[in-house]
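All remarks here apply to the structure that follows.
Each reported figure results from applying straightforward, stated rules to the coordinates on display, with no laboratory input. Keep in mind it's a predicted model, so treat the numbers as computed, not measured. Cβ placement follows ideal geometry from the backbone for every residue including glycine, while neighbour counts extend to all protein chains displayed.
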Amino acid sequence: MDAIVVDRLSCRYQAAGRQILKDISFKVAPGEIVALIGLSGCGKSTLCLCLGGIIPHYLGGELTGQVLVNGKDTREYRVAQLALEVGLVFQDPDTQLFAPTVEDEIAFAPENLCLPAEEVGTRVNKVLDTLGISDLRKTNPNHLSGGQKHLVAMGAVLALEPSILALDEVMAQLDPAGKKTINKILVDLRRQGKTILMVEHDPETVSIADRVLVLEEGRLIKDGRAVTVLGEWESMLRC
Amino acid sequence: MAYIELENVSFCYPGQSRPVLREINLSILNKGVTAITGANGSGKTTLSKLLTGILLPTKGRIKLNGQLLTSLTLTQIGRQIGYVFQNPDKQLFCETVEEEIAFGVRNLGLPPDQAAQKVREVMDYFELTRHAQAYPLSLSAGEKRRLALAAVFALEPGLLLLDEPTTGLDPYRKKLLGDYLDKMLAAGRGVVLISHDQKFINRYATRLMGLQDGQFIEE
Ligand SMILES: Nc1ncnc2c1ncn2[C@@H]1O[C@H](COP(=O)(O)OP(=O)(O)O)[C@@H](O)[C@H]1O
Ligand SMILES: Nc1ncnc2c1ncn2[C@@H]1O[C@H](COP(=O)(O)OP(=O)(O)O)[C@@H](O)[C@H]1O
Ligand SMILES: [Mg+2]
Ligand SMILES: [Mg+2]
């Protein structure tokens with residue numbers, strides 16, 4: 001079964017508003033890393049919100065076509081159920097962080113799944129350790145720097161151990177060490193057969209992807225091997 | 001004379017034992033691009049808030065054009081240092097994109113037609129014209145970033161202080177930003193650039209400062 005199926009997806013934020021995504025179709029197989037690129041405003045974050053069911057469940061708007069994650073139609077499942085399939089790290093981590101400490105933030109979702117306390121503790125430790133943020137354990141997420149917040153948001157998602165990850169420009173605010181950590185995590189996750197969709201701009205970051213999708217004004221204009229597509233896109237941008 | 005002068009500046013967040021910045025001495029001129037790098041959490045954003053008077057040093061003092069920062073209002077500081085936040089959400093507050101840019105321009109004391117012209121120019125340059133009537137907080141992250149930059153650039157302050165300005169920008173919009181910085185430099189203004197974007201720094205920085213363990217190492 002494909003991890004992600006997007007079939008003739010179109011959407012807008014208000015019923016009368018501008019069409020943001022226009023008739024998009026693609027599939028992602030388990031174990032693939034797919035990068036999603038395109039000029040800002042072309043609809044990358046909107047597509048991530050569709051994968052997690054945030055659109056249409058929370059933000060409303062109008063969605064036509066179909067989005068399936070691990071075979072589940074996002075329209076028919078609640079956002080909390082979809083979160084077990086797709087871990088979504090938002091572009092703005094502030095929209096995602098709310099607990100009083102980093103540790104609580106990461107424990108929140110596994111606790112909500114009613115996992116045994118011991119298992120929750122193990123997951124929290126593992127995630128803090130993998131991300132190299134154990135020393136931030138007791139810190140209030142509001143007091144963190146921008147890059148640290150992205151790592152915590154990433155941790156909260158990893159603790160749920162979803163089989164699909166959708167990462168919306170998480171690398172942008174990370175220092176070189178943070179980028180390397182995330183890169184390593186992504187490669188490890190791929191080895192475990194997990195599926196990753198990452199939105200990024202930096203060709204270097206994108207280069208670990210197996211495949212690259214290019215959005216332009218809400219349309220999917222390219223879908224191909226990373227090396228080929230990145231080369232074409234860069235020359236298209238003349239920079 | 002230095003545009004900004006830090007003398008023995010230390011800063012510690014209330015209730016914390018470890019200071020973020022320790023005894024910093026630094027002069028910043030209003031020419032060239034001073035790039036500030038440092039690991040996540042090293043204190044770059046904290047420093048930018050000190051430079052703009054949003055936070056006050058725990059020790060030491062900061063002067064802006066020879067005047068103590070503590071003797072100036074945030075508005076007076078804002079006229080001399082154009083600060084673009086790391087998170088643009090925190091600085092957008094108007095009902096429309098156009099109004100967001102016009103808000104500050106109105107206080108420049110320009111004749112109305114010149115003010116309107118200026119708003120149109122930056123809006124055009126940052127490719128925001130098609131969103132002129134949109135609500136700023138419903139823009140995409142990259143559009144918000146461009147709006148925050150446009151609103152500050154329109155005021156033509158002597159020094160720009162940009163906290164990770166390339167986040168959320170695609171390569172083409174990064175180049176637009178860079179070209180604008182070049183124009184500012186040519187017009188005799190300075191830029192302080194806080195960033196992890198190595199490529200962007202390599203291309204534009206004229207001075208490179210690294211923040212580590214609360215202190216600067218010039219590179
Ligand atoms: N909540 C919203 N309401 C209305 N329009 C929105 C909203 N969020 C985003 N948009 C618009 O949808 C378009 C696509 O945004 P987005 O998916 O965030 O772009 P990207 O992530 O590719 O930069 C943008 O033009 C943006 O202005
Ligand atoms: N409001 C706050 N209260 C307490 N600590 C804070 C606050 N804001 C930032 N910090 C801490 O200060 C340090 C420096 O943060 P910051 O200046 O944002 O770093 P940078 O911008 O270099 O990533 C970090 O360890 C962060 O956790
Ligand atoms: Mg986005
Ligand atoms: Mg910062």
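Compute the acute angle (0 to 90°) between the alpha-carbon long axis of helix A:117-131 and the principal axis of greatest extent of the alpha-carbon atoms of chain A; round to the nearest 10°.
60
Provide the percentage of antiparallel DSSP beta bridges, counting only those with both residues in chain A; round to the nearest 5.
If we restrict to bridges inside chain A, about 55 percent are antiparallel.
Mind checking which of B:Ile201, B:Leu21, B:Asn87 is farthest towards the positive end of the range B:4-218's charge dipole, using Cβ charges of +1 (Lys, Arg) and -1 (Asp, Glu) about the Cα centre?
B:Leu21
Which far-off residues, 5 or more places away or on another chain, put their amide H under 5 Å from the one on A:Leu197, with H placed in the peptide plane?
Answer set, sorted by chain and number: A:Val34, A:Leu165, A:Ala166, A:Leu167.
Taking the number of other C-beta atoms within 10 Å as the exposure measure, put B:Phe216, B:Phe93 in order starting with the fewest.
The order, fewest Cβ neighbours first, is B:Phe93, B:Phe216.
Size of the dipole of the range B:4-218 about the Cα centre, Lys and Arg at +1 and Asp and Glu at -1 on the beta carbon, nothing else charged, in debye to 20?
420
How big is the antiparallel share of DSSP beta bridges in chain B, given as a percent to the nearest 5?
So the antiparallel bridges amount to about 45 percent of the total.
Taking A:Lys27 as the anchor, which lysines have their alpha carbon closer than 29 Å to its alpha carbon, excluding any fewer than eight residues away along the same chain?
Partners found: A:Lys44, A:Lys72, A:Lys179, A:Lys180, A:Lys184, A:Lys194, A:Lys222.
Just for the Cα atoms in the protein assembly as shown, what are the lengths along the principal axes, largest first, rounded to whole Å?
67, 53, 38
What is the average number of partner chain Cβ atoms found within 10 Å of a Cβ in B:195-207?
Mean partner shielding for this stretch: 2.
Would you mind checking which residues have amide H under 5 Å from B:Ala35's amide H? H placed 1.01 Å from N; only 5 or more apart, or other chain.
Correct list: B:Leu193, B:Thr206, B:Arg207, B:Leu208, B:Met209.
Does the range A:1-100 come out rounded, prolate or oblate, given a ≥ b ≥ c as the square roots of the eigenvalues of its C-alpha gyration tensor, rounded meaning a/c under 1.5 and, failing that, prolate meaning a/b above b/c?
Judged from the Cα gyration tensor, the range A:1-100 comes out rounded (a/c under 1.5).
Output the 0 to 90 degree angle, nearest 10, between the alpha-carbon long axis of helix B:171-186 and the longest principal axis computed from the alpha carbons of chain B.
Helix B:171-186 and the main axis of chain B meet at about 70 degrees.
Roughly how many debye, to the nearest 20, is the charge dipole of the range B:33-127 about its Cα centre, given +1 on each Lys and Arg Cβ, -1 on each Asp and Glu Cβ, and no other charges?
That gives the range B:33-127 a dipole magnitude of about 840 debye.
Would you please classify the overall shape of the range B:51-146 from the alpha carbon gyration tensor, given that a ≥ b ≥ c denote the square roots of the eigenvalues, rounded means a/c under 1.5, and beyond that prolate means a/b larger than b/c while oblate covers the rest?
Judged from the Cα gyration tensor, the range B:51-146 comes out oblate (a/c at least 1.5, b/c at or above a/b).
Just want the answer: with Cβ charges of +1 for Lys and Arg and -1 for Asp and Glu, which residue in B:Ser48, B:Gln114, B:Pro136 is farthest toward the dipole's positive end in the range B:4-218?
B:Ser48
Identify the residues of the range B:153-170 with backbone N under 15 Å of a label point that sits 7 angstrom from the Cα of B:Asp113 along the Cα-to-Cβ direction, or state none.
Output list for this probe position: empty.
Using helices alone, I'd like the mean residue ellipticity at 222 nm for the protein assembly as shown: each DSSP H run of four-plus residues gives -39500 (n - 2.57), total over residue count, nearest 500.
-10500 deg cm²/dmol
When chain B is treated as a GNM, springs tying every alpha-carbon pair under 10 Å, which of B:Pro171, B:Pro157, B:Pro14 comes out with the largest mean-square fluctuation?
Maximum among the listed residues: B:Pro14.
What order do you get for A:Ser235, A:Ser25 when you list them from fewest to most C-beta neighbours inside 10 Å?
The fewest-first ordering by Cβ neighbours comes to A:Ser235, A:Ser25.
What list of ³J(HN,Hα) values in whole Hz, one per residue of the range A:158-172 in order, does the Karplus curve 6.51 cos²θ - 1.76 cosθ + 1.60 (θ = phi - 60°) give from phi, with Gly and Pro shown as x?
4, 4, 7, 6, x, 8, 10, 10, 10, 10, 9, 6, 6, 6, 3
Sort A:11-18, A:89-96 for me by packing, meaning the mean count of neighbouring Cβ atoms within 10 Å per residue, highest on top.
Taking the mean over residues of other Cβ atoms within 10 Å, the ranking is A:89-96, A:11-18.
Based on other C-beta atoms within 10 Å, arrange A:Glu216, A:Glu105 from fewest to most.
Ascending Cβ contact count within 10 Å gives the list A:Glu216, A:Glu105.
Based on the alpha-carbon gyration tensor of the range B:116-163 and its eigenvalue square roots a ≥ b ≥ c, which shape applies: rounded if a/c is under 1.5, prolate if not and a/b is larger than b/c, or oblate?
oblate
Projecting each Cα onto the charge dipole of the protein assembly as shown (Lys/Arg +1, Asp/Glu -1 at the beta carbon, about the Cα centre), which of A:Met171, B:Phe153, A:Leu186 comes out farthest on the positive side?
Going by the charge dipole, the pick is B:Phe153.
Let's see if you can work this out: charge +1 on each Lys and Arg Cβ, -1 on each Asp and Glu Cβ, no other charges. What is the dipole magnitude of the range A:46-93 about its Cα centre, in debye to the nearest 20?
Taking the Cα centre of the range A:46-93 as origin, the dipole is about 80 debye.
So, R0 is 51 Å and r is the distance between the beta-carbons of A:Ala15 and B:Tyr13; what FRET efficiency does that work out to, to 0.05?
Efficiency at R0 = 51 Å is approximately 0.65.
Let me know the Rg and Dmax you get for the range A:117-194 when you use only its Cα atoms, in Å.
Looking at the range A:117-194, its Cα Rg and Dmax stand at 12.3, 35 Å.
Could you run the Karplus curve 6.51 cos²θ - 1.76 cosθ + 1.60 with θ = phi - 60° over the range A:80-97 and give me ³J(HN,Hα) per residue in whole Hz, x for Gly and Pro?
Values, residue by residue: 5, 6, 5, 4, 6, 8, 10, x, 10, 9, 6, 5, 9, x, 4, 6, 10, 9 Hz.
Across the residues of B:33-46, average count of Cβ atoms on other protein chains within 10 Å?
Averaged over the peptide's residues, the number is 4.
Compare B:Arg22, B:Arg61, B:Arg203 in a GNM of chain B, Cα atoms joined below 10 Å, and give the one with the largest fluctuation.
For chain B, modelled as a Gaussian network with Cα springs under 10 Å, the answer is B:Arg203.
Taking H placed 1.01 Å from N in the peptide plane, check which residues at least 5 places from A:Glu216 or on another chain put their amide H under 5 Å from its amide H.
Long-range HN contacts for A:Glu216: A:Ile221.
Taking each residue of A:195-206 in turn, how many C-beta atoms of other protein chains fall within 10 Å of its C-beta, and what is the average?
Partner Cβ neighbours, averaged per residue: 2.
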